[in-house]
Amino acid sequence: MRWRSTAKIVLAIFVLGLSTIILFGLRERERSSESIVVERADPDARMQSRGSRVIQADAVGENLRVDAVTQLTYPDGSLRLLDGVEVNLGERDGREAFVVTGEAASVNPEQTHVNVTGQVSFQSDKGLQATSDVAIYDEQSRVILMPERAFFTREGLEASADDSVYNRDEELLRLLENARVVLTEASSETTIRSPRAIIAETDGHMTFRNGVEIMADGQAMRANMADFYLRDDTTSLESLALQGGARVFGKDGDTGVLKEMRGQQIHLQYADDRDSVDRMKLSGSAQMFGLDNDLGDLKEMAAQEILVHYADAGDGIKGATLTKDATVIFFGGEGIAGTDLVADSIEVAFSEGGSVLGDVLATDAVTLRVPAQSGGDSQTITANALGVSSSTGRILDRAEFSGEVEYREENDSDAEVRTVVAERLDADLSAGLTSLDLAMFSGDVRFVDGGLSGQSGEARYLLADSNVSLRRALADQSPPRVVDQRGSIEAERIDVTFDGPIIRAEGEVESVLARANDEGREDANQRPGLLDAEEPVLITAASLLYEAKKKLASYSGGIHLWQGTTEFHAETLILDETIGDVRLEGEVRTRTEIRQTNEETREVEASSTNARAGEMVFENELYQITYADTAQLRGPKGDLSADLIRVHLLQDNRTLDRFVAEGGVTLVTDTRLVTGETLVFFDEDGRYEMTGDPVVILEESSESEDECRMTSGRRITFYLTEDDVSVDGQSETRTETLSRECPASR
């Protein structure tokens, strides 16, 4: 007994020692394993390295250098740079040098396009600095794009905009949206606000367009356009040019002090040798001719009666009143007919001598004809009244039409006529009434352009871009509406580019797709086969972009599409109407009517199928619906969830052929719960084929309502309404059947 006790003690000591040795060995091994773990920033990257430098150069030398702490290289040759990104572009070929820094950047395979993000900072060698969240440099065009709010500074200047472009070659800073510029001197400050601005760093020139508000030392100014000219290398204002509705307001309200100035002063030339004439009246097919032929100057006036008013002795003609079939014709460019004005009555103001017109007022049966320039479109505008004036004091560049306004645009090479009717039209003219640049329509605006029509409270038509923007004029008015062959669109704002056309709609968009065109034309839009071609489709969203040439409609923001019992919900919806494809993204929910075999009657009948996923794609010509990113499908065949589900249809795109599920498949029917890796269901015979490692089926036991039978195997085939289950157990995973508690039913 004593030797046994001694043996037990020795054995215990040995086991304790061995355990201690193993424990310390494991700890040491774990510590060694942890020391070599590498955290990958992106598993899709082919290579990850530290201490990155990317250089883009040619035979002359270096064009572009990008430094960063971490570099990720992708299979296509593109790069992603992280931590301490710095983009350097040195001075070369007269181009200004600058540096851009940020938190991260991406570089295209050709290393000519750099997208910098995260606390971006920009600085040129001439002192211009900028900050933003995004900066994009393109070596081919040599510009820096800043599509988000950016802030710029240099000595004596601060600027900001929601969208900006810096041109390296021209040293031009373009503020494209919501521009704000502040000029500071020792004792003064000038603040300028405008939708758009151009700052020429080298020339000391700043241009503002589309409505400008200026506050200079407490004095307010407004205009459609403004040009600032600065003294060399300073922000000291040398001159300021205001154009288009220019107004200058005085700072004080004291008696005798300037209250307001408007840019309507005219200084023109005419004969000056009528020392004693006060007034002259011409009757009976009267005509007057201008002496000069400068662009936009008076060429001819004609009427049944002309009353000429003279200024003080020696000052020439002051004004003229034309009545009864009145006509005024202006000089055009070389080889181009000039603009003409016809009305029942026209009043014309003249400056010195009267050869150049000042303000023009026409009333009753007014028609203004602007001829086509260099193969462009001609415009004809009729109204009850017209006032023409100058914003510069030299050339007439503004027109105000009122009362039953009708605008017609024609081109000799195009049979279609673009028309707009409204209660009022305010237009910007160029080159002495030889063309219209901008037309602002208001009051029950309606336009027609071929098969496209629209209506709104007001519309802004930019002729150079062939673009019209539709808005409400008052909050209680109906929203803008556009109609074409595919249907109608209503929204808070609709922009139409006639070349295309391209339609952009923003704010509470309501789109109705009319009946599909059944004329069999090759250019007809293709409706998705999931939708009934004979019934309208309604879509609501936050925004819409429709490109007619591509037949592509992109909806975004709170998408809801419905037709009868069919519904789509998502964050984005893309309709490719060339082939009838549909793409939904972002919290996708759909309800579709699909013809399926009734398992009891074996008749094919329409039934509703609901689905959820992160993405849904319907391919019209492949007769296939794909649900991806945590897909769920609920219908008469059960509740199905998987990483990806494909629904295959017959050629009518309305009848189920089969569906396929892949990745983490779970199927719940009235009597079964099935899990596996893949599933294929064939609608013709109601057959399910599943594979997995293993496939597990839980089904209600026929012997007890509280127990389920579990069957597992690598490949299982079963039918929805039959008890027979075919199991292939000849694999590493064995087939097993046993009883257990049933899960909750669907």
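Restricting 426, 437 to residues that are in a strand (DSSP E or B), surrounded by fewer than 16 Cβ atoms within 10 Å (Cβ to Cβ), on the phi < 0 side of the Ramachandran plot and within 31 Å of the chain's Cα centre (by Cα) narrows the list to 437. May I ask you to verify whether residue 141 is crowded, with 19+ Cβ neighbours inside 10 Å and under 23 Å from the mean Cα position of the chain (by Cα)? Spelling it out, it is not the case that residue 141 is crowded, with 19+ Cβ neighbours inside 10 Å and under 23 Å from the mean Cα position of the chain (by Cα). Residue 36 falls short on exactly one of the conditions (1) surrounded by 10 or more Cβ atoms within 10 Å (Cβ to Cβ); (2) at pLDDT below 60; (3) among the aliphatic types (A, V, I, L, M), and that condition is (1). The conditions of being within 30 Å of residue 655 (Cβ to Cβ), surrounded by 15 or more Cβ atoms within 10 Å (Cβ to Cβ), within 17 Å of the chain's Cα centre (by Cα) and among the hydrophobic types (A, V, I, L, M, F, W, C) are met by residue 559. Considered as a group, the residues in the stretch 577-593 that are touching a residue at least 40 places away in the same chain (Cβ under 8 Å) and in a strand (DSSP E or B) include one that is surrounded by the fewest Cβ atoms within 10 Å (Cβ to Cβ), and that residue is 593.
Remark: residue 400 falls outside the filter, which requires a residue to be acidic (Asp, Glu), at positive phi, more than 24 Å from the chain's Cα centre (by Cα) and assigned to a strand (DSSP E or B). Considering (1) assigned to a strand (DSSP E or B); (2) in contact (Cβ under 8 Å) with a residue 24 or more places away in the chain; (3) of a type outside the set (S, T, N, Q), the lone condition that residue 460 does not fulfil carries the number (2).
With the structure loaded, tell me whether residue 226 is in the same structural domain as residue 120 (by TED's automatic domain parsing), at pLDDT below 80 and either in contact with a strand residue (DSSP E or B) (Cβ under 8 Å, 6 or more places away or on another chain) or farther than 30 Å from residue 388 by Cβ (or both) or whether it fails that test. So residue 226 passes the test.
Within the stretch 564-588, being β-branched (Val, Ile, Thr) and under 15 Å from residue 533 (Cβ atoms) holds for 566, 579, 582.
Has the stretch 627-635 got any residue that is surrounded by fewer than 20 Cβ atoms within 10 Å (Cβ to Cβ), in contact (Cβ under 8 Å) with a residue 24 or more places away in the chain and either assigned by TED's automatic domain parsing to the domain that holds residue 611 or out of contact with any Phe, Trp or Tyr (no Cβ under 8 Å at 6 or more places or on another chain) (or both)? Taking every residue of the stretch 627-635 in turn, at least one turns out to be surrounded by fewer than 20 Cβ atoms within 10 Å (Cβ to Cβ), in contact (Cβ under 8 Å) with a residue 24 or more places away in the chain and either assigned by TED's automatic domain parsing to the domain that holds residue 611 or out of contact with any Phe, Trp or Tyr (no Cβ under 8 Å at 6 or more places or on another chain) (or both).
Residue count for the stretch 185-209 under the criterion of being over 19 Å from residue 150 (Cβ atoms) and either touching a Lys or Arg at 6+ places or on another chain (Cβ under 9 Å) or modelled with pLDDT of 80 or more (or both): the result is 5.
What about residue 85, is it aliphatic (A, V, I, L, M) and within 21 Å of residue 167 (Cα to Cα)? No: the conditions fail for residue 85.
Among the residues of the stretch 530-556, those that are surrounded by 20 or more Cβ atoms within 10 Å (Cβ to Cβ) and either touching a Gly at 6+ places or on another chain (Cβ under 6 Å) or in a strand (DSSP E or B) (or both) comprise 537, 539, 541, 544, 546, 548, 553, 555.
Where strands (runs of 3 or more DSSP E) fall wholly inside the stretch 594-664, the ranges with 3 or more residues that are among the polar types (S, T, N, Q) are 604-619, 624-635.
Against the test of being surrounded by 22 or more Cβ atoms within 10 Å (Cβ to Cβ), within 20 Å of residue 48 (Cβ to Cβ) and touching a strand residue (DSSP E or B) at 6+ places or on another chain (Cβ under 9 Å), the options 69, 116 yield a single qualifying residue, 116.
The values are calculated or read from the model by the stated rules, or taken from the named source; none is laboratory data. Model, not experiment: these values are computed from the prediction. All Cβ positions, glycine included, derive from the backbone under ideal geometry; neighbour counts span all protein chains shown.
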